[in-house]
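Participant: There's a structure below that I have some questions on.
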Amino acid sequence: MAFRVTAFDVAQRAGVTQPTVSRALNGSPKVSDETRAKVLQAAQELGYVINQNATRLRRGETMTLAVVLIGRAGESATETNPFYFSLLGSVAAAAAAKGYNLLVSFQDSPGNFFGQYDDARQADGMIVIGTTQNPEAWAYFRGLDHADKAWVCWGAPDDDLRWVRSENEGGGRIAARYLLESGRKHPVFIGARASQQRQFGERYDGFAEELRTAGLSAPAIEVDESLSREEQGVEAVRTLLQSGQPFDGIFAACDLTALGVLRALSESGISVPERVSVIGFDGIRAGNYSSPPLTTIEPDFEQAGDLLVQNVLNRISGEPLTHQRVPVQLVRRGS
C-alpha cells in the first residue's frame with residue numbers, strides 16, 4: 001500500500017506544529033514568510049497536496065464568485081454590449097489568480113433575478129455588471145444591499161451601491177484634448193447625458209469642462225435610448241446634419257454609438273478623419289475593424305477585474321468598501 005503523506009509529516013519535516021502547517025498552507029497572515037517558505041518546501045519535497053475540498057467544507061466556503069450580467073428587459077443575450085464580455089474576461093482572470101472559480105448568469109427580467117448565491121451556498125460573493133437601463137433589476141439587487149451581503153457592481157444607477165467605475169470625467173477631458181490637438185474647432189458630444197447610464201453624463205461633463213477651458217462651447221446631440229447604441233449614433237448624425245450646426249469632431253458616449261456615427265458619416269459621404277474626427281469610449285475590440293479603425297478611450301480592463309474581485313473578497317472578510325475609479329487611456333487608431 002502506498003504511503004500517504006499527511007500534514008503531520010510535513011510538520012515534522014519543517015520542524016513546526018501541524019496547526020502551523022495548516023495555517024501556512026492556507027495563507028494565514030499569522031505565519032511569517034520564513035516559516036511559510038519552510039512549510040512549502042517541506043510539502044513540495046514530500047509531495048503533499050492540500051485537500052482543498054475538505055478545507056473549504058470546514059470553512060464553509062465554495063471558493064466561487066457569482067457574476068451576474070444584467071441585460072435590457074427582453075433583449076437577447078447575444079445583443080449584450082461587447083464591453084461587458086471584455087470586463088468579464090478580466091474578472092475571470094483576476095478570480096483565477098486568487099484561486100476562485102466563476103458562476104456566471106444572464107438576468108434580464110423578474111422571472112430570472114437571483115442574487116442569493118451565498119445563502120444557497122453556490123458562491124461566497126457576487127459581482128454585478130451590465131446595463132443600468134433595467135430599473136427592475138437594479139431595484140432587486142438594491143434590495144440585497146445590506147451589511148451581510150458580499151457584493152459589488154460595475155457602475156451603478158445610484159451612488160448608494162458599492163461600485164467600481166471608469167474614470168469617466170477624466171476620459172471626457174482626454175477626448176476633448178485629443179480633438180482640440182487634432183485642430184478641431186467645433187466638437188460635438190453624442191449621447192444621453194441624463195441616462196440611467198450615469199457614465200454618459202460624467203463623460204460629457206469632463207468633455208464640456210475641457211472645451212470651456214479652451215474657450216469653446218460643448219454642444220450635445222441627445223439620443224433616443226429605445227434604439228440600439230449603433231442606431232443612436234446613426235440617428236444622431238442625421239439630426240446633426242439636418243440642423244445645419246457646424247461640426248468637425250464627434251465624441252460619442254460609447255464605442256457602439258461611435259460605430260453608428262462612422263456608418264452614418266460614411267453613408268453621407270463625409271470622410272473620417274479628413275473632415276470629421278470621431279472618438280468613442282470603452283475600448284471594444286470591434287473598433288479595431290471599423291473603417292477607419294475607431295479611436296477610443298479605454299479603461300484599464302486588468303485593473304477593473306482586479307478591483308472588482310478584490311473588493312468582493314474584502315467584503316467577504318468584513319472590510320468596508322469605498323467607491324473606486326479605474327484609470328483610462330487614449331487609444332489612437334484611425335478615426
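A short reminder: the numbers here are calculations on the coordinates, not readings from a lab. Predicted model, so just to flag it, every value in this text is computed and none were measured. Cβ: placed from backbone, ideal geometry, glycine included. Neighbour counts: every protein chain shown.
Participant: For the pair Glu34 and Phe8, what calculated FRET efficiency results from E = 1/(1 + (r/R0)^6), where r is the Cβ-Cβ distance and R0 = 25 Å, to the nearest 0.05?
Facilitator: Rounded to the nearest 0.05, the efficiency is 0.75.
Participant: Can you check what the Kirkwood hydrodynamic radius comes to for the chain, Cα pairs only, in Å to one decimal? Each step should come with its number before you reach the end.
Facilitator: On the way: mean 1/r = 0.0448 Å⁻¹.
Its Kirkwood hydrodynamic radius stands at 22.3 Å.
Participant: What order do you get for Arg177, Arg203 when you list them from fewest to most C-beta neighbours inside 10 Å?
Facilitator: Least crowded to most crowded, the residues run Arg177, Arg203.
Participant: Among Leu65, Leu161, Leu240, whose mean-square fluctuation peaks in a Gaussian network model of the chain (Cα, cutoff 10 Å)?
Facilitator: Top of the fluctuation ranking is Leu240.
Participant: Hey, could you get me the Stokes-Einstein D for region 7-50, Kirkwood radius over alpha-carbon pairs, 10 °C and 1.306 mPa s, rounded to whole µm² s⁻¹?
Facilitator: Details: Rh = 9.8 Å.
Approximately 162 µm²/s, per Stokes-Einstein.
Participant: To the nearest 500 deg cm²/dmol, what mean residue ellipticity at 222 nm is calculated for the chain from DSSP H runs of n ≥ 4 alone, each contributing -39,500 (n - 2.57), summed and divided by the residues?
Facilitator: On the way: 11 runs with 136 residues, N = 335.
Computed mean residue ellipticity for the chain: -12500 deg cm²/dmol.
Participant: Lys and Arg at +1, Asp and Glu at -1: add these up for the other residues within a Cβ distance under 10 Å of Ala66 and post the number.
Facilitator: -2
Participant: At q = 0.11, 0.12 Å⁻¹, what log₁₀ I(q)/I(0) does a Debye calculation on the Cα points of region 158-310 give, no solvent, two decimals?
Facilitator: The computed values of log10 I(q)/I(0) come out as -0.39, -0.47.
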